[in-house]
Amino acid sequence: MPRRWSRGSGLRPGWLKAACCAGWKKRNTTMKLIHSEQDIDALRRSAQAYAIASAWSAAGLFEALAQEEPLSANELPADTRAIEITAPILAHIGLLAGDGEKWTLSTAGRRLFEADALSLESAEDNLGDLSRLDQVLENGGPVCGPDGESRVTQVGVREKDPENIRRFQDFLYRRSGDSAAEAARWLAPLLTPNAKVLDLGGGHGRYGQALAEKGFAVTLFDLPLCIDYARQRYGNTFEYIAGDFMQADLGGPYDAVLISNIVHGLGPEENRGLVSRVSAVLKPGGWLLLKDMFLDDSGIGPENAALFGLMMLFYTRQGRSYSVREMNDLCGACGLGEIRHVRVPDAGFSLLLARKP
């Protein structure tokens, strides 16, 4: 469907209208559709190649090849035969370059390594969890590890595992530069100078930073370990509140509240409670900005939103990917109006704006 505001007849400036009307008709699909047995074979090979890249990352092999000189299989810190068999596969998908005897990172591989995009250690755990999908289909999520213990997280965080939190926050920080700037770009024209903004569940702080750079007074709210992480990076850039956003005092009142990549980790009633709490700390005329990967009304796309639901099945108690319509209805039920939806072209996420009367 064409890009447009979902509800309301609020101010629609020209720059917003132009962006809303651009880029919607192209379906965001990168996976190959399955039409034949050969397509299934290609899907299997892609999964195998990803498993190899993940294992190489965990073993430090990409790091070893980041040195200046190419290395032979017996010079790498792994089994020689295993390297001889797996290195050509990584060369085939463009991560390595070599002559069959010595290997180095390809140009693309080096660029990805230097951007930390080949840090796939956590993928090893995810692949292990995926091998237990049959158990999840039978019993429901969250998935259990090999020890039988639940792998559930609290919106992506395991409070008892500080190292996991650090890796996860580093990953989110690295991946969020463009999306943080985009969220700030859409929200800023709706606010007055020096407006007070709450970045709820803001963790790594990159969204808050993008808003602070536009002159807004930002409060970052998250779990204590996440706040410690953000404070080390940003110091006095923000005000900080540590706690559980479902229970703790959120402070305020605020001119705007940003909730980025949170609602997918919660169940429907939890989201209703959260949005109600946020509405209570918004000033009259204040804005809620939800940033997430929302499904369209068909429930089967975009691709990233559909697939992300699997991670919510595995690692949350009630989370899932929600549709734009579900979020519209939720905001309306919580007393918010002028509800507007924007899918950001080629960025893989949506923004939903709602205003307190």
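Values in this text are rule-based calculations from the coordinates and carry no lab data. The structure presented is a predicted model; accordingly, all values stated were derived computationally and were not measured. Cβ atoms come from the backbone with ideal geometry, glycine included; neighbour counts cover every protein chain shown.
Structure above, values below:
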item: Label-reachable residues, segment 203-230, where backbone N falls under 15 Å from a point 7 Å from A248's Cα toward its Cβ; result: 203-205, 219-230
item: Among D147, D346, D79: highest mean-square fluctuation, GNM of the chain, C-alpha pairs under 10 Å; result: D147
item: Helix axis angle, 37-58 relative to the chain longest principal axis, alpha carbon, degrees; result: 90
item: The chain: relative contact order in percent, alpha carbon pairs under 8 Å with at least 6 residues between; result: 16
item: Gain on full stretching of the segment that runs from N194 to E303 - 0.36 nm per residue minus C-alpha separation; result: 35.5 nm
item: By average C-beta atoms within 10 angstrom, highest first, the peptides 36-46, 238-248; result: 238-248, 36-46
item: Charge context of A115, other residues only, Cβ under 11 angstrom, K/R +1, D/E -1; result: +2
item: Rounded Å value of the spacing that divides the Cα centres of segment 256-271 and segment 61-77; result: 44
item: Karplus (6.51, -1.76, 1.60) ³J(HN,Hα), θ = phi - 60°, over segment 285-292, in Hz, Gly and Pro reported as x; result: x, x, 10, 9, 10, 9, 10, 6
item: Residue exposure sequence - L190, L200 - by fewest surrounding Cβ within 10 Å; result: L190, L200
item: Least to most buried among T86, T237, T107 (fewest other Cβ within 10 Å first); result: T107, T237, T86
item: 222 nm mean residue ellipticity, helices alone, for the chain (DSSP H n ≥ 4; -39,500 (n - 2.57); rounded to 500); result: -13000 deg cm²/dmol
item: Among K102, K283, K32, residue whose mean-square fluctuation peaks in a GNM of the chain (springs only between Cα atoms under 10 Å); result: K32
item: D228, D178 arranged by Cβ crowding within 10 Å, fewest neighbours leading; result: D178, D228
item: Efficiency of FRET from Cβ geometry, R174 and L33, R₀ 41 Å, rounded to 0.05; result: 0.85
item: Built amide H within the under 5 Å cut-off of S260, gap 5+; result: L200, K291
item: Pairs of lysine residues in the chain - Cα separation under 23 Å, sequence separation of 8 or more or cross-chain; result: 17
item: Segment 171-355: C-alpha gyration tensor shape, a/c 1.5 cut-off, then a/b vs b/c; result: rounded
item: C-alpha long axis of helix 80-92 to longest principal axis of the chain, angle in °; result: 50
item: Burial order of peptide ranges 72-78, 255-261 (average beta-carbon count within 10 Å, highest first); result: 255-261, 72-78
